[in-house]
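A short write-up of the structure that comes next.
The values are calculated or read from the model by the stated rules, or taken from the named source; none is laboratory data. Here the structure is a predicted model, which means the values were calculated and not measured. Because the Cβ atoms are built from the backbone with ideal geometry, glycine has one as well, and the counts that use them run over all protein chains shown.
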Amino acid sequence: MSVGFLPERKRGLWAAAFQSKSFALGFAVTAIFILAALLSFVWTPYDATALSVAEKLKGPSTVHWFGTDHFGRDIFSMIMVGARTSIAVAFVAVGIGMAAGVPLGLWAAAKQGSLVDEVIMRANDLVFAFPALLIAILITAVFGPSAINAIIAIGIFNIPVFARLARGAALTLWTREYIFAARVAGKGALRISAEHILPNILNLLIVQGTIQFSLGILADAALSYVGLGAQPPTPSWGRMLSDAQTMISLAPHMALFPGAAIVLTVLGLNLMGDGLRDIFDPKLQRSRT
Amino acid sequence: MVPYLLKRLISLLLSLLAASVVIFLVLQVVPGDPASYMLGMNAQPETVEALRQQMGLNEPLVWRYLTWIAGLAHGNFGISYTYKVPIGELIAQRLWVSLPLAIYALLLSTLIALPVGIISAAKRNSASDYGIMGATQLGIAVPNFWFAMLLVLFFSITLRWFSAGGFPGWNAGFFVALKALTLPAIALALPQASILARVMRSSLLDTLSEDYIRTARAKGLTRGQTLVRHAVRNAMIPVLTIIGLQFSFLLAGAIIIENVFYLPGLGRLVFQGITQRDLIVVQSVVMLLVFAVIVITFLVDLAYALVDPRLRSRA
Amino acid sequence: MNRLMKLMTTAAVLLAAGALAPAFAANTAITVGMVLEPPNLDPTSGAAAAIREVTYANIFQGLTRFDANGAIVPDLAKSWDISPDGLTYTFHLATGVKFHDGSPFSADDVKFSLDRARAPDSTNAQKGLFADIASVDVVDPATVKVTLKKPNGSFLFNMAWGDAVILSPKSIATEATNPVGTGPFKFVNWVKGDRVELAKFDGYWGTPAKLDKVTFKFISDPSAAFAAMMAGDVDAFPLFPAVETLEQFKADPRFAVIAGNTEGETLLAMNNGKKPFDNIKVREAVAHAINRKEIIDGAMFGYGTPIGTHFAPHNPDYVDLTAQSNYDPEKSKALLKEAGYPDGFTVSLKLPPPPYARRGGEIIAAQLAKVGIKAQITNVEWAQWLEQVFKGKDYDLTIVSHTEPMDIDIYGRDNYYFNYKSDAFKKIMADLSATTDPAKRSELYKAAQKRIADDYVNAFLFELPKVGVANAKIVGLWKNQPTPSNDMSEVYWKD
């Protein structure tokens, strides 16, 4: 997958990236869905929310490429608009996780061994220990189901992921000589974290961000599948699947296409993540996990 | 070792306490009243009030928390609002479904993932390695509830080999019950197996590059012998960690799958508890799941500390 | 010799019977599918329809009961006398009745059950049914006298409800998990989350049941319900959750599709106490914006009878008022303009979990959008619906089916969630409760129906259908649902 990659050639990162086949493939797949999502703002084959009960449960055809659902809505259009919801939810959730998790992790690393460190890390463990889906269900039970609350629920569980990663990576950096030098020069922990540590762990964060992004898509699908994501009539992939479930013997196409959309998006993001990891850290090539 | 153990134990207890407070408080703000839910649309306000009184919902918040915690410490979870039976009994019944399902799924995933991961590592960069890694990428990307739907469509509705859901109970016969758990276990195992295979592969590749493996090879052991005698065994530590984590995940994470297949497991119990506002059940089950994860993590940490004394100094 | 012959013949008969037993056994057991599991099995302290679907007429019996067509017939009370002033009901009880625990049933149990239901600390979900009772007196073990505070034309009807069944004081503490009644079936086992098993009660006082074993199996997932029916895991599914698959069952000679009525008036309820629905013109506009046929086709796959008021169409007193709120989007727009909303407005639409509400809601939102009303959908669980909509009246629009029989009186209740206030309607209700003459009652019911239709209190959608699937060889299942019940007492398999 990434065999042809030779970092010594010192091309631009971008060019190097496309030397990685998995990155290129993943990027292409992801780009298709992002473009579809963007395109849906200005054009879809049909209005994704327009009902036409007479046209319900039609199989794929030249008229409706992916067929219609139980209300006669065009599934292709719904998938395009649904991409928008899924990508937005996952993206913002990762953003929340990074924005809160990275500073926490850096703080903990800077104060390694202190009470702050202990409290942050134990709190992280605690969040990890909660069954994520159940908590997400509880959150929506409290605040009502909506895309926003799905974002918050997923975002919360992203925080410890980034906090842990940031702390772990930062800890190894704190032992480096140039950090020591900076300390001797009188720079404070905050400045060192921001100026020296953060830039050096950015690669790691981007890789993890891509992975979390794909997990976010899956989590959003699961939440909207149980009815806790974006509310109708806004199409969402997970809810399309739960609608499809009762009709699965009657209209399997209702389940196949949204499911395939989820799989492809997640696959694309994961491949991108793998590719990025190879590019940033060639040593890791052998152990892609 | 003892101070380390003590420190970890205190932190464990603090974590559990914190978890119990969080769970209890979150459930207090959940809108909806179990008594109103049970009595429906025609109930008179004083009837609802009488039922609330009977359920003990009118006690002060702190008192209810303390009663709950004191009960937990004695292994007494309280009485379910809706089912009106001891929650411990409910949980025990559900565990007879959830636990076997988790074990079944874990066995499936381990039995598939380990050989596949080993082959992939042994034949690194071969066509089969790429094939396997591609397949595992796909396995990770598939939402398990969607995979479950496809399994139902294919094996239950089209082929009619398996029933589409439900659980007849272990009294119906071991194999009958096992059969009912098969599709759910497969649906749960697929993503887990994919992750595990990748961990197995990378861990094995790491070990294979260690010096002692090279020494072993230099001593004249064949590639296969080295792999089996040294590398695989040493590569198992991270794999076992992941298996441990996956087990607690499977116990709690089967909630959607239990819903798809209509299995009377723990996840379904919580889910129903939330819709019926049987919050006393919800808080106890969630607490139990959190307890399981925290304790498993603690035990894993402990095992590491025993293996690697250096870890004791940080913690 | 003769004796020996007799013995041998007896043995042969017994053996033959033994050999035949499995064949018979297969025909005296039934597995009935239900969507929801009952939270417990005590119908006197919980509103869940599922409790009644398991226990009504099977385990528990009341003084009177509903028959399959909704008529009130004698049950534990063989007959009754009503005093001329309508205040005293003397019930003559059936004799030789035993509870499933073997203890005899008597007038004391009736007094106990009715007094318990109306006690201050009662947790009976329909406590209102007993509100008019002044006292319950035991005359002798087989006679009980109930005195009312004021005449109540619906008293015998009230006593037929699942909430008014007669329990034994001995088993009262464990009723929720181990119900003990007087019915033709006794409770055997409950595998939580999966099934409840009942068996024929040999000591039953009435006509014995034809079935030996009844299993209620809980399958909430529509596709699992479909597969379970197809595979024969379930013999009957009286309230089948996957209406979309009914065509497949109709085409299959192994199955019979049973379509009947429930008592569920399905409404698009409007908050009459809140802008903009406090304006009758706006409510009328909503009524004309709704296309009932599209909703029934799209959400119910064609099952369901359109209604124009809050009354069951199969009731003889029903008035068809659907034409008064016909689908007319132009008229709707004109009315909105008159009401001062030429560009429409935005409101919330809260939808509880049943498919009629969730699916119907999406269709209604689209229909309202066509006349300029933007309805923002929020899906809520029942607990939230009860808290926010029903109790808190914090809603604009919602969809719900009112499944209690003859419940038009809810429009006269103070503080009901519709926020509908009409003295004219309350007057009709007051007259109704003071009237016992059937012809006059019928007139009053009709007047009540017209009153709420003229006030466009809610948009009346359709009568919720009871659509079931069963093995074609099963006889005796209820077609309609006058009250939540799966009465198995007369069900049998034909060969």
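The residue that is farthest from the chain's Cα centre (by Cα), counting only those in the stretch B:118-138 that are in contact (Cβ under 8 Å) with a residue 12 or more places away in the chain and more than 10 Å from chain A (Cβ to nearest Cβ), is B:A122.
Give the stretch C:447-462 a look and list any residue that's surrounded by fewer than 17 Cβ atoms within 10 Å (Cβ to Cβ) and either under 22 Å from the mean Cα position of the chain (by Cα) or more than 13 Å from C:G308 (Cβ to Cβ) (or both), or say none. C:A447, the sole residue that qualifies. Inside the stretch A:219-245, residues that are within 11 Å of chain C (Cβ to nearest Cβ), without any contact (Cβ under 8 Å) to a residue 60 or more places away in the chain and in contact with a Pro (Cβ under 8 Å, 6 or more places away or on another chain) make up a count of 2. Scan the stretch C:126-175 residue by residue and report those that are surrounded by fewer than 21 Cβ atoms within 10 Å (Cβ to Cβ), farther than 18 Å from C:L93 by Cβ and among the small types (G, A, S). Selection gives C:G128, C:A131, C:A134, C:G153, C:S154, C:S171, C:A173.
Between A:S52, A:S86, the distinction of being within 12 Å of chain B (Cβ to nearest Cβ) and on the phi < 0 side of the Ramachandran plot belongs to A:S86 only. Among what's in the stretch B:232-271 and is closer than 15 Å to B:V290 by Cβ and at pLDDT below 80, pick the residue that is surrounded by the fewest Cβ atoms within 10 Å (Cβ to Cβ). The extreme case among them is B:L245. Scanning the stretch B:242-268 for residues that are of a type in the set (D, E, K, R) and more than 8 Å from every other protein chain (Cβ to nearest Cβ) gives a single hit, B:E258. Among the residues making up the stretch C:396-421, those that are surrounded by 23 or more Cβ atoms within 10 Å (Cβ to Cβ) and either among the acidic types (D, E) or over 21 Å from B:Q44 (Cβ atoms) (or both) are C:L397, C:T398, C:I399.
Need at least 1 residues that are within 14 Å of chain C (Cβ to nearest Cβ) per element, so show me which helices (runs of 4 or more DSSP H) inside the stretch B:163-236 make the cut, counting only ones lying wholly within it. The qualifying helices (runs of 4 or more DSSP H) are B:174-208. Just wondering, is there one or more residues in the stretch C:367-377 that are within 14 Å of chain B (Cβ to nearest Cβ) and without any contact (Cβ under 8 Å) to a residue 24 or more places away in the chain? So far as the stretch C:367-377 goes, no, none of its residues is within 14 Å of chain B (Cβ to nearest Cβ) and without any contact (Cβ under 8 Å) to a residue 24 or more places away in the chain. Looking at A:S61, is it modelled with pLDDT of 90 or more, in a loop (DSSP other than H, G, I, E, B) and away from chain C (no Cβ under 14 Å)? For A:S61, the condition - modelled with pLDDT of 90 or more, in a loop (DSSP other than H, G, I, E, B) and away from chain C (no Cβ under 14 Å) - is met. For the stretch C:351-367, filtering for residues that are under 14 Å from A:V53 (Cα atoms) and among the hydroxyl-bearing types (S, T, Y) leaves 0. Checking each residue of the stretch C:433-450 against the condition of being in contact with a helix residue (DSSP H, G or I) (Cβ under 8 Å, 6 or more places away or on another chain), closer than 30 Å to C:T378 by Cα and in a loop (DSSP other than H, G, I, E, B) gives no match.
The requirement of being facing another protein chain (nearest Cβ under 7 Å), crowded, with 22+ Cβ neighbours inside 10 Å and of a type in the set (S, T, N, Q) is fulfilled somewhere in the stretch B:150-161, by at least one residue.
The residues in the stretch C:100-143 that are touching a Lys or Arg at 6+ places or on another chain (Cβ under 8 Å), away from chain B (no Cβ under 14 Å) and either farther than 15 Å from C:Q61 by Cα or in a loop (DSSP other than H, G, I, E, B) (or both) can be counted, and the count is 10.
Name the single residue that is nearest to the chain's Cα centre (by Cα) among those in the stretch C:42-64 being more than 12 Å from chain B (Cβ to nearest Cβ) and farther than 22 Å from C:D108 by Cβ. By that ranking, first place goes to C:E53. Screening the candidates B:V290, B:V281 for the property of being part of a helix (DSSP H, G or I), touching a Gly at 6+ places or on another chain (Cβ under 7 Å) and at pLDDT 85 or above yields one hit, B:V281. State which residue is nearest to C:N27 (Cα to Cα) when the search covers only the stretch C:204-232 and only residues that are touching a Leu at 6+ places or on another chain (Cβ under 8 Å) and surrounded by fewer than 21 Cβ atoms within 10 Å (Cβ to Cβ). The extreme case among them is C:K213.
If you go through the stretch A:246-276 and keep only what is surrounded by fewer than 24 Cβ atoms within 10 Å (Cβ to Cβ) and free of Cβ contacts under 8 Å to residues at least 24 places away in the same chain, you end up with A:T246, A:S249, A:P252, A:A255, A:L256, A:G259, A:A260, A:V263.
Free of Cβ contacts under 8 Å to residues at least 40 places away in the same chain, within 14 Å of chain C (Cβ to nearest Cβ) and in a helix (DSSP H, G or I), is that true of B:L51? For B:L51, the condition - free of Cβ contacts under 8 Å to residues at least 40 places away in the same chain, within 14 Å of chain C (Cβ to nearest Cβ) and in a helix (DSSP H, G or I) - is met. Going through (1) over 30 Å from B:R229 (Cα atoms); (2) not in a helix (DSSP H, G or I) one by one, B:N125 falls short only on (1).
Note on the stretch A:248-282: residues that are part of a helix (DSSP H, G or I) and either of a type in the set (S, T, N, Q) or within 7 Å of another protein chain (Cβ to nearest Cβ) (or both) amount to 9. Of A:N124, A:N158, all but one fail to be under 30 Å from C:E381 (Cβ atoms), in a helix (DSSP H, G or I) and of a type in the set (S, T, N, Q); the exception is A:N158.
For the stretch A:98-105, check the following and say yes or no: at least one residue is within 20 Å of A:R239 (Cα to Cα), at pLDDT 90 or above, under 28 Å from the mean Cα position of the chain (by Cα) and of a type outside the set (A, V, I, L, M, F, W, C). Looking for residues that are within 20 Å of A:R239 (Cα to Cα), at pLDDT 90 or above, under 28 Å from the mean Cα position of the chain (by Cα) and of a type outside the set (A, V, I, L, M, F, W, C), one finds none in the stretch A:98-105, hence no.
Considering only residues in the stretch B:272-298 that are closer than 17 Å to C:L36 by Cβ and within 7 Å of another protein chain (Cβ to nearest Cβ), the one that is surrounded by the most Cβ atoms within 10 Å (Cβ to Cβ) turns out to be B:R277.
Residues of the stretch B:36-58 that are of a type in the set (G, A, S) and crowded, with 20+ Cβ neighbours inside 10 Å: B:S36, B:A43, B:A50.
Only one of the listed residues (C:T245, C:T262) is at pLDDT 85 or above and either facing another protein chain (nearest Cβ under 9 Å) or surrounded by fewer than 22 Cβ atoms within 10 Å (Cβ to Cβ) (or both). That residue is C:T245. Assessment of the stretch A:110-126 against the conditions (touching an Asp or Glu at 6+ places or on another chain (Cβ under 9 Å) and either more than 14 Å from chain B (Cβ to nearest Cβ) or not small (G, A, S) (or both)) yields at least one matching residue. Within the stretch B:5-47, the set of residues being within 14 Å of chain C (Cβ to nearest Cβ), part of a helix (DSSP H, G or I), without any contact (Cβ under 8 Å) to a residue 12 or more places away in the chain and within 27 Å of B:A70 (Cα to Cα) comprises just one member, B:V29.
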